[in-house]
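Data first, discussion second: the structure below is written as structure tokens.
The values are calculated or read from the model by the stated rules, or taken from the named source; none is laboratory data. Computed from a predicted structure; not experimentally measured. Don't worry about glycine lacking a Cβ; one is built from the backbone with ideal geometry, like all the others, and counts go over all protein chains shown. What goes into the accessible areas is simple: the full protein's heavy atoms, side chains included, and nothing from ligands, DNA or RNA. Shrake-Rupley method; radii C 1.70, N 1.55, O 1.52, S 1.80 Å.
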Amino acid sequence: MGIAQSVWAERLVVTLNWFTQQFRDLVQYTFVPPEHGGPNFFNVAAADAEGIEAEVMLAIPLGVQLSGTY
């Protein structure tokens, strides 16, 4: 879910996105050197992920856009 707002004659755009996810039976990978053998895939019973993404974009003359994302 997110929101975007443009201001200053649409030359400045601020975007915020937030997410929350729940995983069941997530298959994860881990590196195991060949000399150690063993499986390198394993099942994680449950995992949660949540966060926020933010972006700012500024349009300046001559068709140049500056943007930053966090």
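Quick check on Thr69: is it out of contact with any helix residue (DSSP H, G or I) (no Cβ under 8 Å at 6 or more places or on another chain) and either touching a residue at least 40 places away in the same chain (Cβ under 8 Å) or open to solvent by 100 Å² or more (accessible area, probe 1.4 Å) (or both)?
Considered against the rule, which asks whether it is out of contact with any helix residue (DSSP H, G or I) (no Cβ under 8 Å at 6 or more places or on another chain) and either touching a residue at least 40 places away in the same chain (Cβ under 8 Å) or open to solvent by 100 Å² or more (accessible area, probe 1.4 Å) (or both), Thr69 comes out as yes.
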Inset, instruction - Within segment 1-50, count every residue that is modelled with pLDDT under 95, assigned to a strand (DSSP E or B) and among the aliphatic types (A, V, I, L, M). - result: 8
Legend entry - Residue list for segment 39-65, restricted to those being loosely packed, with under 10 Cβ neighbours inside 10 Å, in contact with a strand residue (DSSP E or B) (Cβ under 8 Å, 6 or more places away or on another chain) and under 17 Å from Ser6 (Cα atoms): Ile60
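Please work out if Trp18 is aromatic (Phe, Trp, Tyr) and surrounded by 12 or more Cβ atoms within 10 Å (Cβ to Cβ). Even if it seems obvious, please write down each step before you answer.
On the way: aromatic (Phe, Trp, Tyr): yes; surrounded by 12 or more Cβ atoms within 10 Å (Cβ to Cβ): yes.
So Trp18 fits the description; yes.
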Inset, instruction - Enumerate the pairs (first residue in segment 1-23 and farther than 17 Å from Thr69 by Cα; second residue anywhere and exposed (fewer than 11 other Cβ atoms within 10 Å of the Cβ)) with beta-carbon separation below 6 Å, excluding pairs fewer than 6 apart on the same chain, so at least 6 apart or on different chains. - result: Thr20/Glu50; Gln21/Ala49; Gln22/Asp48
